[in-house]
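These notes concern the structure reproduced below.
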Amino acid sequence: MRTLHSLRLEVRRKVRSQDVLFIFNALETLRVEEFGTLLEDEVEANLVPDQVILVVREPMFAQTFELLSQDPQVTTALARLGGRSVVTLIGYNLKGEEASRRTLGGNTPALKVELKDIRRRALAAIFSHRHGFVESTSTYHFENPSGRHSDRFIRVSNILTQGAEITFIAFCALPMIPDDVRQAYIDTPALFTVVAAINEQWRSFDREGLLVDNFSSYAGAKGAEFDTERSFVLISASSSGSLANELTGLRGFPARQVVHLLFLGDNAAQHTVVGDLQLDALLNPDGVTRTTVSTANDCVPCRNGSHAIKLQGDQFEFAGPQHDSLLIKSDDRPPGLDGLMARLAGTGVFAVGLGASGKPPRQFEVSATQLMAAVPFLERLDYAARRSIPARTGHIIAADPQSETLAHHIRATAAPQAKVVAREAIDAEVDKTSDTAIVIVATVIESGRTLLDLSRDLRSIAPDAPLTYLVGLSKGTGDPGRSSLAASLRKTHNPYPYEFLAIEEIVLPASSSHNAWAAEAQLLQRASASRVPAPVAALVKARLDRLRRASEALADDLFLGNGSDRSLKLQPGFVFWPRGLPEGDHTQAEVYFTIASVLQQLRANAGRGGKPGKSAIRTNWFQQTLLAPGNFGRFNDDVIQASILRAALPAELNYRDRPEDSREMGRLIARILKAAGVDRGGAAAEFLLALGTRRLQLRREDLDIVLKVEVGGIDLVRWLQGVCAETLSDV
Ligand SMILES: [Zn+2]
């Protein structure tokens, strides 16, 4: 255990300066061995100081001086100073003021160092050494209980960790404590230790200790019962003095009875302050600069997409995860999504993969075959080829087998002299000395890994050939980090960057094996193990059979209709598609891809580099954005509702911590179940699947409303309602 608190500092006065080793003794007696070791270590690490100042309680002053001059352990240690420094012993009184001073060895010090020279600097040094600030990162900053935003805040408990330091901090506070007080009010429990250390020092002077009570800062200041007679308030830290103003104004404390332990702000001089942390080149070189505090409206970190974490209580604790709910707007769609859908809706390019046995599902499947057959795509492709395929192209490399059609198409339309080469054959086929252009084509890419691998190989195979990467459709997660794919592919030591070109781009989430279809199959399988009523059995079996045909992707059978004659359809006027669409055929998959793309863009908006002011779905320790129940009112086509239910992540539809949203969602689902026989209720079965698989969660009381509502003669919906009641009995 350490009983000495030390600080090495340069004390300056006009032209003179002195190197001082300051040592505060936190006990009633001096531990000579610790003192000796401290001196030796200090001399070894930082050379001999000009002056050593030892500060002790006045009642032990004489006894300590005797030790310094006679105790062999101490005198040996002092001998290490080689007679080059002066040792000054200072005794302090009940008020923390100097009561006695004697020097030992050396000459009279050239500079008289006072306790007031040291207190503020030593406190600032402890503050920075113990990391008194909780600092923000580029992703997070803080919202104080007062509602103001800042990039850091003082947590006083951070600096109250070590016994000798706490005693020293209490010693610093002694001069500010009014005479004759019996009671201390503290704003945070961390200060109990400081008052205990005050009491412990007072006992050496036979002074009765303080009673102490925590009033919990702003939250408690209004209701607390203060006795302003013979008492004082100790505030842990402040930048404005506003809590002190409240206590002096409303609660009638005289200003000298309200003491700040730490203060970092402009008007420290107007308050009673123990440790003014403000940086001052001469008086407080270890101090810190002021913290920028602003209102939410003009907060720079907020504007840069950083998230403000709410702080609460007298300890500035993080207030658990905050939920907010989001209404999807038409301009939340990723740029270019409407144009893409105008070109590709109705072409059968998009489908939901179920994952052939042993392989992870490619949930967002893009058919290379259908893409190469889509006329609007081919028109764009041909324009791009005319613009960007070099006349002297020697080779066209197909990045994977499904890209070979594209490779031959490019050859036929733009580079008839070129040779089409398969990925595996490049070593054999591409001449190392060739400097004619090489075109690398990939019909569909997700991470772009294949292209990156190829680019590495080609760097050594054909270092001088100009490369052109041409991608049919690029799926990205919208994460700003993704744009580095194009940047990495363009990189070369050749005089001009390589070319990278994507004909179509779409923002989509990464595929996951925990998707809505896997959950649906599990639920139906489990439920159909018990007796299923005859009219429903055939429907459930057909659905399960379909979900088990994993090699066949879902295009127009993504969703479970309420009966065999009901499938979910889009009405004219889908807000994310251009006016006039859908004209003719479109698939459920196209609607689902559209919604999945919009939601993924909203998630990407929350990431680093997200555009300030944009709506975003945030998922982190401190915040979870929910999809507002109002979305299902706004988008009342059954196929859109079902798409949202399946494209949302379970956390985005978990209303259990939001009573109002849960109630609204429960009522909305109940209305849809009642209307299960008409278009308005077309997604009834889908809502029940979402509930039964816990991808959508309600509070018990709201769930009960849904489970008890009369659904009429729709057998499948009524059966699913029963399945939910059984499955969710533990909610
Ligand atoms: Zn902010």
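Report, by residue number, each residue of segment 22-44 that is among the aliphatic types (A, V, I, L, M) and modelled with pLDDT of 90 or more.
Correct list: ILE23, ALA26, LEU27, LEU30, VAL32, LEU38, LEU39.
Out of everything in segment 514-534 that is of a type outside the set (D, E, K, R) and open to solvent by 80 Å² or more (accessible area, probe 1.4 Å), what residue ends up being modelled with the lowest pLDDT?
HIS514
From the residues in segment 1-41 that are in a strand (DSSP E or B) and among the small types (Gly, Ala, Ser), which one is surrounded by the fewest Cβ atoms within 10 Å (Cβ to Cβ)?
Here the answer is SER17.
Given the criterion open to solvent by less than 40 Å² (accessible area, probe 1.4 Å) and within 16 Å of the ligand (Cβ to nearest atom), identify the matching residue among SER150, SER138, SER217, SER204.
SER150
Kindly indicate which of ALA418, ALA428, ALA442, ALA412 is over 45 Å from the mean Cα position of the chain (by Cα) and either under 19 Å from LEU485 (Cα atoms) or open to solvent by less than 50 Å² (accessible area, probe 1.4 Å) (or both).
ALA418
Is there any pair linking a residue in segment 297-310 that is at negative phi to one that is near the ligand (Cβ under 9 Å from one of its atoms) and in a loop (DSSP other than H, G, I, E, B), with Cβ under 8 Å and at least six apart or on different chains, and which?
Taking only residues 6 or more apart or on different chains, the pairs are PRO301/ASP151; ALA308/CYS299.
In segment 301-311, which residue that is touching a strand residue (DSSP E or B) at 6+ places or on another chain (Cβ under 8 Å) and either more than 11 Å from the ligand (Cβ to nearest atom) or open to solvent by 80 Å² or more (accessible area, probe 1.4 Å) (or both) is nearest to HIS129 (Cα to Cα)?
LEU311
Every residue, every condition in (1) assigned to a helix (DSSP H, G or I); (2) closer than 26 Å to LEU539 by Cα, yes or no:
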site	(1), (2)
ARG646	yes, yes
ILE669	yes, yes
GLY677	no, yes
ASP702	yes, no
LEU707	yes, yes
GLY712	no, yes
GLN721	yes, yes
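In segment 454-485, which residue that is farther than 26 Å from PHE350 by Cα and either assigned to a strand (DSSP E or B) or of a type in the set (Lys, Arg) (or both) is most open to solvent (accessible area, probe 1.4 Å)?
Within segment 454-485, the first condition is being farther than 26 Å from PHE350 by Cα, and the residues that meet it are 454-468.
With either assigned to a strand (DSSP E or B) or of a type in the set (Lys, Arg) (or both) added as a condition, the list becomes 456, 459, 467-468.
Working: ARG456: 142, ARG459: 107, LEU467: 7, THR468: 9 Å².
Among residues in segment 454-485 that are farther than 26 Å from PHE350 by Cα and either assigned to a strand (DSSP E or B) or of a type in the set (Lys, Arg) (or both), the one most open to solvent (accessible area, probe 1.4 Å) is ARG456.
Taking LEU581, is it in a loop (DSSP other than H, G, I, E, B) and closer than 28 Å to GLN721 by Cβ?
In short, no.
Do we find that SER488 is open to solvent by 30 Å² or more (accessible area, probe 1.4 Å) and either on the phi > 0 side of the Ramachandran plot or at pLDDT below 85 (or both) in this structure?
no
Looking only at segment 681-700, count how many residues are touching a helix residue (DSSP H, G or I) at 6+ places or on another chain (Cβ under 7 Å) and part of a helix (DSSP H, G or I).
Qualifying residue count, segment 681-700: 10.
So which residues in segment 674-705 are closer than 14 Å to LEU649 by Cα and open to solvent by 70 Å² or more (accessible area, probe 1.4 Å), if there are any at all?
Result: ARG694, single match.
Let me spell it out: the conditions are (1) open to solvent by 40 Å² or more (accessible area, probe 1.4 Å); (2) part of a helix (DSSP H, G or I); (3) within 20 Å of CYS172 (Cβ to Cβ), and ARG119 meets all of them except one. Which number is the exception?
Result: ARG119 fails condition (1) only.
Filter segment 313-340 down to the residues that are within 16 Å of the ligand (Cβ to nearest atom) and in a strand (DSSP E or B), then identify the one that is surrounded by the fewest Cβ atoms within 10 Å (Cβ to Cβ).
So the residue we want is ASP324.
Conditions tested, residue by residue: (1) loosely packed, with under 13 Cβ neighbours inside 10 Å; (2) without any contact (Cβ under 8 Å) to a residue 60 or more places away in the chain; (3) out of contact with any Ser or Thr (no Cβ under 8 Å at 6 or more places or on another chain); (4) in a helix (DSSP H, G or I).
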position: PRO495; (1), (2), (3), (4): yes, yes, yes, no
position: GLU505; (1), (2), (3), (4): no, no, no, no
position: PRO509; (1), (2), (3), (4): no, no, no, no
position: SER512; (1), (2), (3), (4): yes, no, yes, no
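Can you tell me which residue within segment 288-300, out of those that are under 30 Å from SER615 (Cβ atoms) and surrounded by 14 or more Cβ atoms within 10 Å (Cβ to Cβ), is farthest from the ligand (Cβ to nearest atom)? Let's see the steps before the verdict.
To start, the set of residues in segment 288-300 that are under 30 Å from SER615 (Cβ atoms) comprises 291-300.
After this cut, where a residue has to be surrounded by 14 or more Cβ atoms within 10 Å (Cβ to Cβ) as well, the list is 291, 293-294, 299.
On the way: THR291: 13, VAL293: 10, SER294: 7, CYS299: 3 Å.
Per the stated criteria, the residue is THR291.
Could you tell me whether any residue of segment 467-483 is farther than 14 Å from ASP400 by Cβ and among the hydrophobic types (A, V, I, L, M, F, W, C)?
yes
Within 22 Å of GLY677 (Cβ to Cβ), modelled with pLDDT under 95 and open to solvent by 10 Å² or more (accessible area, probe 1.4 Å): is that true of SER564 in this structure?
yes
Every residue, every condition in (1) away from the ligand (no atom under 16 Å from the Cβ); (2) at pLDDT 90 or above; (3) surrounded by fewer than 12 Cβ atoms within 10 Å (Cβ to Cβ), yes or no:
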{"site": "ALA237", "(1), (2), (3)": "yes, yes, no"}
{"site": "SER240", "(1), (2), (3)": "yes, no, no"}
{"site": "GLY249", "(1), (2), (3)": "yes, no, yes"}
{"site": "PHE253", "(1), (2), (3)": "yes, yes, no"}
{"site": "VAL258", "(1), (2), (3)": "yes, yes, no"}
{"site": "LEU262", "(1), (2), (3)": "yes, yes, no"}
{"site": "HIS271", "(1), (2), (3)": "yes, yes, no"}
{"site": "ASP276", "(1), (2), (3)": "yes, yes, no"}
{"site": "ASP286", "(1), (2), (3)": "yes, no, no"}
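The values are calculated or read from the model by the stated rules, or taken from the named source; none is laboratory data. Note that the structure is predicted; figures quoted are calculated from it, not measured. Ideal geometry is used to build each Cβ from the backbone, glycine not excepted, and the neighbour counts take in all protein chains shown. Ligands, DNA and RNA are excluded from the accessible area calculation, which covers all protein heavy atoms including side chains. Shrake-Rupley method; radii C 1.70, N 1.55, O 1.52, S 1.80 Å.
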